[in-house]
Structure formats: structure tokens, C-alpha cells
Amino acid sequence: MAILHLPTLHPKHTLTASQDTNSPLAGQTALVTGASRGIGKAIALALAAGGAKVACVASRVENAQGAAEACSELTSGAMAFGVNVAETAAVADLVKTISKEMGGPNILVNNAGITRDQILMRMTEDDFDSVVGVNLKGTWNFIKAATRPLMKNSGRIINISSVVAVMGNAGQANYAASKAGVLGMTRSVAKELASRNVCVNAIAPGFIDTDMTAALDDSSREALVGSIPLQRMGNVDDIAQTVAFLAGPAGGYITGQTLVIDGGLSL
Ligand code: NAP
């Protein structure tokens, strides 16, 4: 497990966000997986803007470095970490390290995810196992490793699922199954941890403009946008702002829910 330490105080700031009592997440530590780019990076930045310290996790520490540097412009503590979220023991070690170095975590965002799309007839066992390993087991790994500190801190867990968990999608039996599993896990863990005041929710994004959807050719993209009632793909901030809401004071009585953010695609 590689860890990168970054300066905790940006020289431009004399008063950091987390010292400002108006910052809703001041004094909290957020752990965001898949924070190197796309939706995860936007989530890390939104939580940093709210005053949280942010542990930015990607598959390799150097991949998360840019996000941690960007967060450290906004808040008083940001660090980059690298781990394969599918590896249970490595995740347990990483969470212990983050607790020691940064406190908490008070907020856990399980966002790391992959696709290996293929029609069922051609999908290999490895296509299935790798997607379920990262998307579903990776989520379980972090929840299990962070449950104790989250219970101590009346924490929040936010899991990033997908609208295809609800709708299904040809060529994504592995991905849809993994993301539907995340929704079942979210509801179950919400029930288990409610008595400890931990709120557990999921977000199911529709089609969001990131590296994951960049492979779509122009005609598929056009057809896709045509099927979205709001007539556009989502952007990463559409998701990140909802995560910040669920992590903040306004989210304190919401648990076990799935917020579908898809421009109306699933209507
Ligand atoms: P992305 O741009 O492809 O980024 C994926 C992130 O996950 C990267 O930070 C990547 O880290 C990390 N990651 C992948 N495998 C990992 C592993 N084994 N261990 C640790 N980190 C790993 O994806 P995105 O579009 O932002 O999607 C983020 C989440 O939203 C995913 O869970 C995705 O399924 C979900 N989602 C996306 C869309 C969409 O339209 N984009 C729609 C619905 C749901 P590295 O940089 O180190 O590889």
C-alpha cells in the first residue's frame, strides 16, 4: 500500500475551511474511493469545499495525487492513497492508516467502479468476477473496515450505484448485478447501523460525462441523449453536490434510500 503525504495547509489560505465554523463538514474526515478522476474527484472536491479533510483513494497512489492536491487548495487536510479496493486485507490496513493519519473517517464514499461490457454469451468468468470484485466486494470491503470509526462518529456512508441496477442494460449483466448488489447492501447496512446513528444511502447516476462513458461514439451518444427527458448527459457535479448534501447536516434523517440522478432516464 503506497501513501503520499501532501502539505496540509495551502499557503494562500490564512483561515482554512475546516477552521471556519460555517463550513458544514468542518472537523470531519471523508474517505472517497475512485477519487482520481470523474465523479470521484468531483465528490472529493465538493467535500473539501464543505470543509472536510479528504482521503483520496485510487488504484495507485500517484493516480490520486492530483485530486488530493486540488482538495488541499480548499481544505486543511488532503492525502492521496493507493489500494485495489477488491483486496480485503489491503483495504483494512488502508482504513487503519487513514484513521491514524487523518482521524475518522466520518464520511465514506464508495465510488470506485469499473465496467467490462459484453453480451452474456461472450462474457467471461473474469469479466464477471473483476466487475463484481471491484464494484460490489470493494464496497463491502470499505464498509466493513470503516464501520467501527463510522459508528463512533455517527457517520455517513454513500455508495455510488447506477441507474442500470434498476433498469438493466444489454451487455452489462455483470455491472448491473454488481450495482444492484450495492443497493441491497445499502439497505441492509442502513438497517444494521441505524441504532448507531450512521446513515447509509446510495446514489444511482444515469449517464454522466466521464472517462467511463467517453467510449460512446457520436451516434450512440446522440441516441442516448435523445432518450433522456432532460436532453443532456449528467455532469460530475450533478452527483457530487448530492453526495455533499447527504454527507452534511441536511442528510441526517435520510437512510436506506437510493437517489436516482439520471435526468429522468428511468421514468
Ligand atoms: P472513471 O472515470 O472510470 O473512474 C473510475 C475510478 O475508480 C478511478 O478513480 C479509478 O482509479 C477507480 N478504480 C477503478 N478500479 C479500481 C480498483 N480496483 N481499486 C481502486 N480504485 C479503482 O469512472 P466514473 O465515470 O467517474 O464513475 C465513478 C462511479 O460512478 C463508478 O462506480 C461508476 O460505476 C459509477 N457510475 C458512473 C456512471 C457514468 O455515466 N459515468 C453512471 C452510473 C454510475 P484509477 O484512476 O487508479 O484507475
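The values are calculated or read from the model by the stated rules, or taken from the named source; none is laboratory data. Note that this is a predicted model, so its numbers are computed, not measured. Backbone-built Cβ (ideal geometry, glycine too); neighbour counts: all protein chains shown. What goes into the accessible areas is simple: the full protein's heavy atoms, side chains included, and nothing from ligands, DNA or RNA. Shrake-Rupley method; radii C 1.70, N 1.55, O 1.52, S 1.80 Å.
Compute the distance in nm between two label points, each set 7 Å from the Cα along the Cα-to-Cβ direction, one at L224 and one at S130.
2.0
Which percent of Cα-Cα pairs in the stretch 202-242 sits in each 5 Å bin, short to long?
Result, from short to long distances: 5, 23, 31, 24, 13, 4, 0 percent.
Once the Cβ-Cβ distance between E87 and S188 is put in as r, and R0 is 25 Å, what FRET efficiency do you end up with, to the nearest 0.05?
So the FRET efficiency works out to roughly 0.65.
So who's got an amide H within less than 5 Å of the one on I261, skipping anything under 5 residues away but keeping other chains? H placed 1.01 Å off N, in plane.
Placed amide hydrogens put A204, G206 under 5 Å from I261.
Between N197 and T97, what is the spin-label point distance in nm, taking each point 7 Å from the Cα along the Cα→C-beta axis?
In this crude spin-label approximation the distance works out to 3.1 nm.
Leaving out ligands and nucleic acids, note down the accessible area per residue over the chain with a 1.4 angstrom probe, in whole Å². Please list the in-between numbers first.
Values: 12310 Å² over 267 residues.
In whole numbers, the chain has 46 Å² accessible per residue.
Distance cut-off 26 Å, Cα to Cα: go down the list K137/K191; K53/K179; K41/K144; K100/K179; K53/K96 and report the pairs above it.
K53/K179; K100/K179
What is the chain's relative contact order, in percent, from Cα pairs under 8 angstrom and six or more apart in sequence?
Dividing the mean separation by the residue count of the chain yields 18 percent.
Over the stretch 18-86, what number does the Rg to Rh ratio reach, with both radii from the alpha-carbon atoms and Rh per Kirkwood?
0.98
Using only C-alpha atoms and all pairs of different ones, pull out the Kirkwood radius for the stretch 114-223 in Å with one decimal. Provide the component values of the computation, followed by the final result.
Details: mean 1/r = 0.0661 Å⁻¹.
Radius from the Kirkwood sum: 15.1 Å.
Mind checking Rg over Rh on the stretch 101-157, alpha carbons, Kirkwood formula for Rh?
1.18
Provide Rg and Dmax in Å for the stretch 56-146, with only Cα atoms included in the calculation.
14.9, 50
Restricting things to alpha carbons, tell me how big the chain is in terms of Rg and Dmax, in Å.
Values for the chain (Cα only, Rg and Dmax): 17.7, 59 Å.
Taking the Cβ-Cβ separation of R148 and D237 as r and a Förster radius of 35 Å, what is the calculated FRET efficiency to the nearest 0.05?
Between R148 and D237 the formula returns 0.65.
Given N residues in the stretch 159-219, what is its alpha carbon radius of gyration divided by 2.2 N^0.38 Å? Intermediate results must be reported in sequence, preceding the final value.
Working: Rg = 14.2 Å, N = 61, 2.2 N^0.38 = 10.5 Å.
Here the answer is 1.36, to two decimals.
Which order, highest average first, do 232-243, 68-79 follow once you tally other Cβ atoms within 10 Å for each residue and take the mean per peptide?
Details: 232-243: 19.7, 68-79: 23.4.
Descending packing order for the listed peptides: 68-79, 232-243.
Rg to Rh ratio, the stretch 64-103, alpha-carbon atoms and Kirkwood radius?
When Rh is taken as the Kirkwood radius, the ratio is 1.03.
DSSP H helices in the chain with Cα extent of 18 Å or more along the helix axis and mean Kyte-Doolittle hydropathy at least -1.0? All intermediate terms of the calculation are to be shown ahead of the outcome.
Working: long enough: 88-102 (21 Å, 0.47); 138-152 (22 Å, -0.23); 173-193 (29 Å, 0.15).
Helices meeting the criterion: 88-102, 138-152, 173-193.
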